[in-house]
1. Can you tell me which residue within segment 551-570, out of those that are assigned to a helix (DSSP H, G or I) and more than 28 Å from the chain's Cα centre (by Cα), is farthest from residue 517 (Cα to Cα)?
2. Which numbered condition in (1) crowded, with 16+ Cβ neighbours inside 10 Å; (2) modelled with pLDDT of 85 or more is the only one that residue 87 fails?
3. Taking segment 64-99, which residues are without any contact (Cβ under 8 Å) to a residue 12 or more places away in the chain and closer than 28 Å to residue 25 by Cβ?
4. Return the residues of segment 336-359 that are under 13 Å from the mean Cα position of the chain (by Cα) and either within 20 Å of residue 393 (Cα to Cα) or outside any helix (DSSP H, G or I) (or both); say none if nothing qualifies.
5. Of the numbered conditions (1) modelled with pLDDT of 80 or more; (2) farther than 21 Å from residue 320 by Cα; (3) assigned to a loop (DSSP other than H, G, I, E, B), residue 473 fails exactly one; give the number of that condition.
6. Quickly run through segment 360-390 and pick out the residues that are in a loop (DSSP other than H, G, I, E, B), modelled with pLDDT under 80 and more than 16 Å from the chain's Cα centre (by Cα).
7. Going by what's in this entry, would residue 90 be described as under 30 Å from residue 180 (Cα atoms) and not assigned by TED's automatic domain parsing to the domain that holds residue 164?
8. All but one of (1) surrounded by fewer than 17 Cβ atoms within 10 Å (Cβ to Cβ); (2) in contact with a strand residue (DSSP E or B) (Cβ under 8 Å, 6 or more places away or on another chain); (3) more than 17 Å from residue 576 (Cβ to Cβ) hold for residue 298, so report the exception by its number.
C-alpha cells in the first residue's frame with residue numbers, strides 16, 4: 001500500500017468514525033485525537049497491520065489525512081493517538097529486544113523520575129546567502145543539524161530563518177513490583193513525550209509514583225563516546241504515542257450510573273456497617289472494632305481549608321500493636337488491596353529516603369532530580385507500614401512531618417522542595433519484648449517514641465489471649481479456609497467495596513450538626529474532669545488531639561452511610577471506638593483511670609505524683625542534713641507518705657538517669 005492509498009484509507013476511516021470528535025477537539029484547542037485500534041482493525045485489517053509494523057509511516061499518514069479535512073482552526077497541529085492495542089503488543093520492559101525497534105509496543109510500569117518540559121526543534125529552515133534558496137532540514141537526531149551544501153554549490157555558512165519547536169519531556173518508567181518474579185530487580189526504560197502528552201492536564205497523569213500504560217514506538221539512541229564519536233552499543237527509548245493511567249486514586253475511579261444506583265441502594269440498609277465490616281477482610285477472623293476503624297480510615301474525615309489558608313487534615317492514622325501471629329500483616333495486605341493507590345512497605349526494608357523523597361543525579365538534564373518515596377507516591381491514598389518498630393530511629397523521625405503537616409520538605413543539593421503527601425498511614429508494630437506482658441502496663445511496652453505515637457488517632461492493641469470458646473471458633477474458621485480455595489461469600493465483592501468507598505470519599509462531604517458537637521463536647525469535658533482529687537496530680541484522660549480524632553471519626557462514620565450530615569449516632573460510634581482504644585492501652589494500673597500520658601510519655605500521672613513527692617522529700621532533707629543525703633532517710637520519709645521501697649528505688653534510678661541527682665558515694669545522693 002503506497003503513501004497516497006494509506007492517507008486515503010485513513011481519511012475514510014477517520015471521517016466515518018471520528019469527524020465530530022475532531023471538530024470538537026479543535027474548537028476546544030485540544031490538538032489530539034484518540035482512535036480505537038479495534039475499530040481500525042474492523043475497518044481495514046491491512047491498515048491495522050501496517051500500524052503495528054511500520055508505525056511511524058502509518059501515524060504520519062493518519063495525521064496527513066486529518067489535515068486534509070475542511071475544518072476551521074490550526075488543524076496541522078493535530079496528533080493521532082491509538083488506544084486499545086492488541087495483547088500481542090504488550091511487552092514487559094525486561095523482554096524488550098532489538099527486533100522490536102521501530103515497532104509499536106505497549107509497556108506498563110510505575111513512573112520513577114520525570115524531567116522538566118523543554119522545547120525541542122523538529123525542523124529548521126535555512127537560507128542560502130548566495131542564491132536565496134530555502135532549505136528545510138528535519139531535526140531527527142539529538143544534535144542540531146545544519147545543511148551541508150546548497151544546489152548552487154555553496155558549502156556552509158547558511159542563515160537560519162525559522163525553526164519549529166515542540167514541548168518534550170523524558171520519563172523513566174520502572175516495572176511494577178507485582179509483575180516481578182522472585183529476586184528480579186525491576187528494569188527501567190526511558191520514555192520520550194512530545195506535544196500534547198506534556199500538556200498540564202496529561203502532565204498530572206505522569207507524576208512520579210503513578211502507574212501508567214504507554215504505547216509507543218521503540219527507537220534506538222546513540223551513546224556518545226568520550227572522544228566525540230559514537231559507540232557500537234545503542235540505548236533504547238520509547239517515543240510515546242498514547243499514555244493512560246492504570247492505578248487511579250479515589251478521584252479517577254470510574255463509577256457508572258448503574259453502579260451509583262446500586263451504591264445508594266446499599267447505603268440505605270440499616271445494617272450497612274456490619275455488611276461493610278464483614279466484606280472488608282473476610283479471611284481474617286474477629287477484630288470487628290479494628291475493621292470498623294479501618295473502614296473509617298479508608299474514607300477519612302473532611303479536609304477543611306480556612307479563610308486564612310490554613311488547613312486541618314482529614315486523614316486518620318491508625319497503629320496496630322500486637323502479639324506476633326495475630327494477623328496484623330494480613331490486615332495490612334488486605335487493606336492495600338482494597339484501597340485505591342495503596343502501598344505496602346516493610347519496616348526493615350524501608351529507609352527515611354525511601355519513605356519520603358531522595359535527590360538523585362539526572363542524566364537527561366545534567367542536574368539533580370527528585371525521586372519520590374512511598375509516602376509521596378501514595379498522596380491521596382493509603383500507605384501501610386509493617387514492622388514499624390524494626391525501623392531505625394532516624395528513619396522513623398522522617399515520618400513526623402508527613403503524619404501531621406502532610407507535606408515533606410527537602411533541602412539537598414540545591415533542591416528546595418515541599419512535596420505533598422496527603423497520605424493516610426496504617427502502621428503495625430510488635431511490643432518491646434515481642435509479646436505483651438499481661439502484668440505490665442501496655443503503654444510502657446510500646447517501644448516507639450512518644451512524638452510519633454502522638455500522631456496516631458487510634459492505637460489498637462491486638463492481644464492473643466487463650467480462651468477455649470474463641471480459640472475453637474478461630475480454629476474452625478482458619479481450617480475451613482485451608483480446606484477450600486473459595487472464600488466465604490461476602491455481602492460485597494472487593495471491586496464493589498472499592499467503588500463504594502471511592503464514591504463515599506469523593507462525593508460526600510458531611511457537615512457537623514449541633515447535636516453531634518454537643519455529644520463530643522460532653523464526652524470530652526466529662527472525661528477530662530472525672531475523679532480528680534484536689535492536691536493530687538490530675539490524670540489527663542484525653543487531649544485536644546483526641547478531640548480532633550473524634551471529629552474525623554464521626555465524619556468518616558457519616559460518610560460510610562453516604563449521609564451529608566454528621567448525626568449524634570456518628571459521634572457515639574466515634575466515642576465508642578476511641579474509648580475502646582483508651583480503655584485497652586491508656587489505663588493507669590494504680591488508679592484504674594484512663595490517662596493519655598501512659599501512651600504519650602510512658603509515665604502515668606500517679607507515678608508523676610510520686611516523683612514530685614520524692615523531689616519534695618529530698619529538698620526538705622537537704623535543708624536539715626546538708627547537701628549529701630542518706631538513701632535510708634528518703635525511704636523512711638517516703639514510707640510515711642505510703643510510697644513503698646521498690647517504688648522509691650525505681651524513682652531514684654529514673655532521676656539519676658535524667659540527671660536531676662547523682663551518687664557521690666554508695667547509698668548517698670546529692671542534687672545537681
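The values are calculated or read from the model by the stated rules, or taken from the named source; none is laboratory data. Source: prediction; values computed, not measured. Reconstructed Cβ throughout: ideal geometry from the backbone, glycine too, with neighbour counts over all protein chains shown.
1. Kept after step one, since they are assigned to a helix (DSSP H, G or I), are these residues of segment 551-570: 551-560, 568-570.
Right, trim to more than 28 Å from the chain's Cα centre (by Cα) and you get 568-569.
Values: 568: 8, 569: 11 Å.
The qualifying residue farthest from residue 517 (Cα to Cα) is 569.
2. Unmet for residue 87, out of (1) crowded, with 16+ Cβ neighbours inside 10 Å; (2) modelled with pLDDT of 85 or more: (1).
3. 67, 70, 76
4. Within segment 336-359, 339, 340, 341, 342, 343, 344, 345, 354, 355, 356, 357 qualify.
5. Of (1) modelled with pLDDT of 80 or more; (2) farther than 21 Å from residue 320 by Cα; (3) assigned to a loop (DSSP other than H, G, I, E, B), only one is false for residue 473: (3).
6. 363, 364, 365, 366
7. Numbers: under 30 Å from residue 180 (Cα atoms): yes; not assigned by TED's automatic domain parsing to the domain that holds residue 164: yes.
Against the criterion (under 30 Å from residue 180 (Cα atoms) and not assigned by TED's automatic domain parsing to the domain that holds residue 164), residue 90 qualifies.
8. (1)
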